[in-house]
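Worksheet: one structure, shown below.
The values are calculated or read from the model by the stated rules, or taken from the named source; none is laboratory data. Since the structure is predicted, the reported quantities are computational estimates derived from the model, not experimental observations. We place every Cβ from the backbone using ideal geometry, glycine too, and count neighbours over all the protein chains shown.
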Amino acid sequence: MAALDAAESKRLDHKMDGEHECFSMSEGNDLVEGRMVTFPQDIFRGMLAEWMVKKDEPMFASLAVLPRQLTYSRPWYALSGRNSSVDEMATCVSEIAPRESLALLKTTPYGADEGAAFGTLGPSLVSCLQAGHKVTGNRQSLRAAISDALYQRVANPPAAVAAKP
């Protein structure tokens, strides 16, 4: 998740390939020997990011609100598997509404509490969407983008921009 180099990211991604026992799936019968679960890259990144954010929640809870920028560009956008306009919007939201973004990640996916959290984030989502762009998707993909952006805000903060004299 924190890798910014495409080759390194791919190398680390391959470490995740193969068989893993990550949750108990005891239900089944004698005809079921195994199960396979796959996720699109953008959703998988979001799920991992959400887990890492929750693991270090106090650090993310203390993130400051940053001023809105005209544009956003981060090296990790090329690795996310999402359209860059979605990553830009999510980055903006994670910077101007970090507490609300974290509150979203504390909700139950597709639950009423998640819907309420998205409602609270609505004005930030609208103000962060670039003019002329339209975001289509579902709660899961938007939650994944916000999770990724919130995680990347700590893992790969943007280089400080020198103040103009």
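Is there a residue being of a type outside the set (S, T, N, Q), within 15 Å of Ala155 (Cα to Cα), modelled with pLDDT of 90 or more and surrounded by 15 or more Cβ atoms within 10 Å (Cβ to Cβ) anywhere in the range 127-135? For the range 127-135, residues of a type outside the set (S, T, N, Q), within 15 Å of Ala155 (Cα to Cα), modelled with pLDDT of 90 or more and surrounded by 15 or more Cβ atoms within 10 Å (Cβ to Cβ): absent. A count restricted to the range 63-86 and to residues that are under 14 Å from Asn156 (Cα atoms) and either without any contact (Cβ under 8 Å) to a residue 24 or more places away in the chain or in a helix (DSSP H, G or I) (or both) stands at 7. Entry remark, the range 114-142: residues being among the charged types (D, E, K, R) and touching a Ser or Thr at 6+ places or on another chain (Cβ under 6 Å) number 1 in total.
Residue count for the range 62-84 under the criterion of being touching a Leu at 6+ places or on another chain (Cβ under 6 Å) and more than 15 Å from Asp148 (Cβ to Cβ): the result is 0. Within the range 41-53, not a single residue is surrounded by fewer than 16 Cβ atoms within 10 Å (Cβ to Cβ), among the basic types (Lys, Arg) and either in contact with a strand residue (DSSP E or B) (Cβ under 8 Å, 6 or more places away or on another chain) or assigned to a helix (DSSP H, G or I) (or both).
Restricting Tyr110, Tyr77 to those that are more than 15 Å from the chain's Cα centre (by Cα) and aromatic (Phe, Trp, Tyr) reduces the list to Tyr110. Aliphatic (A, V, I, L, M), within 14 Å of the chain's Cα centre (by Cα) and modelled with pLDDT of 95 or more - does that describe any residue in the range 148-156? Yes, that holds for at least one residue. Is it the case that the range 90-102 has a residue that's small (Gly, Ala, Ser) and either surrounded by fewer than 18 Cβ atoms within 10 Å (Cβ to Cβ) or over 21 Å from Asp56 (Cβ atoms) (or both)? Within the range 90-102, none of the residues are small (Gly, Ala, Ser) and either surrounded by fewer than 18 Cβ atoms within 10 Å (Cβ to Cβ) or over 21 Å from Asp56 (Cβ atoms) (or both).
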